[in-house]
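Visitor: Input: one structure, supplied below.
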Amino acid sequence: MGNTGLRRWHAAFAAGLAALAMTLGLTTAPASAYPPSDVDYVALGDSYTAGTGADAPARPFVFDPPCDQTPNGYVDHVDAVDPVHLVLNSACHGALLREKAQPGNVPSVQDQITQLISSGALSRDTELVSMTAGANDVGVNVVLFQCATSTTSACSQAVSSAIAAMPAVGAGLVHAFKVIHRHAPYAKIVVLGYPRLLNPAFPAPMSPDNLRLVNQGTALLNATIASAAATARLLYGAKVQYVDVTGRFAGHEVNTPQPWIFFAATQDLATGTVHFDPRSFHPNQAGHQAYADALISAVRPARPAHS
């Protein structure tokens, strides 16, 4: 993005956050009168919110447990623009919803929420929360490996196992939203979905049948996340908004000429075993920018219709 485009993006971004600040009651005068108060922002969840992929392929991946984060992910893009004030990003690469992930004893989303509450980072002062979660709980790594390296039957079985785990994911998300809302009742909670990973119009690192299965699984996971957000709004009055990023990533999937999703794999010549870079199927720099754009679009109040 050129300097002119970047300046325009920052201006639009700041205008959206200023409007959010006014919507949340943080200002009492027009935005032109004086700068709006900070929007206190907290992030949590899995590798997408932890920034995984933002450094790919420039740097090798080195896992740093228990909570691995990568600079310049979408959370950092959001924090870089006034009036956002990032209080804390507790997201961890590999995080599950309720249990610590292994190896590395990675804190779960539930652990992250507990830590945010105990530290005071998540409180009645919090105005914005963003998160991604659920993919690890349905076994996304197993699904992608099986579908990229094995038969359609094996891929189908892996996707079916993922689908069977989705009700538990939905319940875990509803619980997380409820607890966040209880401790940060004025916060807008934005839960971002996952992009469609593969474009059927281009050659893929798997067969066409397996590609369709992976995309169907992603769509069902996103539907589960959206349903959990709606349930938390209905049952607990939580200010949860699901944000679908599929449209933003259309034409920029893993197997397209200009991907916003990173992929790299190597093969052991002695054994024939394929090894994925752990950042594979995560947003690259452009992808994290797209996530930041999606978040800002979600929190910017809609313009009133002209009469």
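Visitor: Pick from the stretch 39-93 the residues that are charged (D, E, K, R) and not in a loop (DSSP other than H, G, I, E, B): which of them is farthest from F262 (Cα to Cα)?
Guide: First, the residues of the stretch 39-93 that are charged (D, E, K, R): 40, 46, 55, 59, 64, 68, 76, 79, 82.
If we keep only those that are not in a loop (DSSP other than H, G, I, E, B) as well, we get 40, 76, 79.
Details: D40: 30, D76: 19, D79: 23 Å.
Among those that are charged (D, E, K, R) and not in a loop (DSSP other than H, G, I, E, B), it is D40.
Visitor: Hey, can you tell me all the residues within the stretch 242-274 that are polar (S, T, N, Q) and buried (at least 17 other Cβ atoms within 10 Å of the Cβ)?
Guide: So the first thing to find is which residues in the stretch 242-274 are polar (S, T, N, Q), and the list is 246, 255-256, 258, 266-267, 271, 273.
Once the filter is applied, which keeps residues that are polar (S, T, N, Q) and buried (at least 17 other Cβ atoms within 10 Å of the Cβ), the stretch 242-274 yields N255, T256.
Visitor: A further question follows. Would you mention how many residues in the stretch 120-170 are of a type in the set (S, T, N, Q), in a helix (DSSP H, G or I) and either under 17 Å from the mean Cα position of the chain (by Cα) or at pLDDT 95 or above (or both)?
Guide: Applying the first criterion (of a type in the set (S, T, N, Q)) to the stretch 120-170 yields 123, 126, 130, 132, 136, 141, 146, 149-153, 156-157, 160-161.
So of that shortlist, the ones also in a helix (DSSP H, G or I) come out as 141, 146, 149, 152-153, 156-157, 160-161.
Next, from what is left, pick out any that are either under 17 Å from the mean Cα position of the chain (by Cα) or at pLDDT 95 or above (or both): 141, 146, 152-153, 156-157, 160-161.
Residues meeting the conditions: 8.
Visitor: In the set G193, G172, which member is touching a Lys or Arg at 6+ places or on another chain (Cβ under 7 Å), on the phi < 0 side of the Ramachandran plot and not polar (S, T, N, Q)? Spell out how you get there, then give the answer.
Guide: Details: G193 fails: touching a Lys or Arg at 6+ places or on another chain (Cβ under 7 Å).
The unique qualifying residue is G172.
Visitor: Shifting gears a bit: Where the second residue is of a type in the set (S, T, Y) and the first is more than 21 Å from D55 (Cβ to Cβ) and lies in the stretch 251-275, which pairs have Cβ atoms under 6 Å and are six or more apart or on separate chains?
Guide: Partner pairs satisfying both residue conditions: V274/T149.
Visitor: Going through T149, T126, T132 one at a time, which residue ends up being within 20 Å of H93 (Cα to Cα) and of a type in the set (S, T, Y)? I'd like the intermediate steps shown before the answer.
Guide: On the way: T149 fails: within 20 Å of H93 (Cα to Cα); T126 fails: within 20 Å of H93 (Cα to Cα).
Result of the check over T149, T126, T132: T132.
Visitor: Can you find, within the stretch 78-100, the residue that is nearest to the chain's Cα centre (by Cα) among those that are within 21 Å of F61 (Cβ to Cβ) and crowded, with 22+ Cβ neighbours inside 10 Å? Lay out the reasoning, then the answer.
Guide: Of all residues in the stretch 78-100, those within 21 Å of F61 (Cβ to Cβ) come to 89-96, 100.
Subset that is crowded, with 22+ Cβ neighbours inside 10 Å: 89-96.
Numbers: N89: 12, S90: 13, A91: 10, C92: 11, H93: 11, G94: 12, A95: 12, L96: 13 Å.
Filtering first and then ranking leaves A91.
Visitor: Hey, another quick one. For residues in the stretch 57-90 being of a type in the set (G, A, S) and modelled with pLDDT under 95, which is nearest to A135 (Cα to Cα)? Can you show your working first?
Guide: Taking the stretch 57-90 first, the residues of a type in the set (G, A, S) are 58, 73, 80, 90.
From what is left, the residues that are modelled with pLDDT under 95 are 58, 80.
Values: A58: 25, A80: 27 Å.
Top of the filtered list is A58.
Visitor: Within the stretch 171-195, can you find the residues that are buried (at least 21 other Cβ atoms within 10 Å of the Cβ) and assigned to a loop (DSSP other than H, G, I, E, B)?
Guide: Listed by number, the residues that qualify are A184, A187, G193, Y194, P195.
The values are calculated or read from the model by the stated rules, or taken from the named source; none is laboratory data. Here the structure is a predicted model, which means the values were calculated and not measured. Neighbour counts are summed over all protein chains in view; Cβ atoms, including those assigned to glycine, are modelled from backbone coordinates with ideal geometry.
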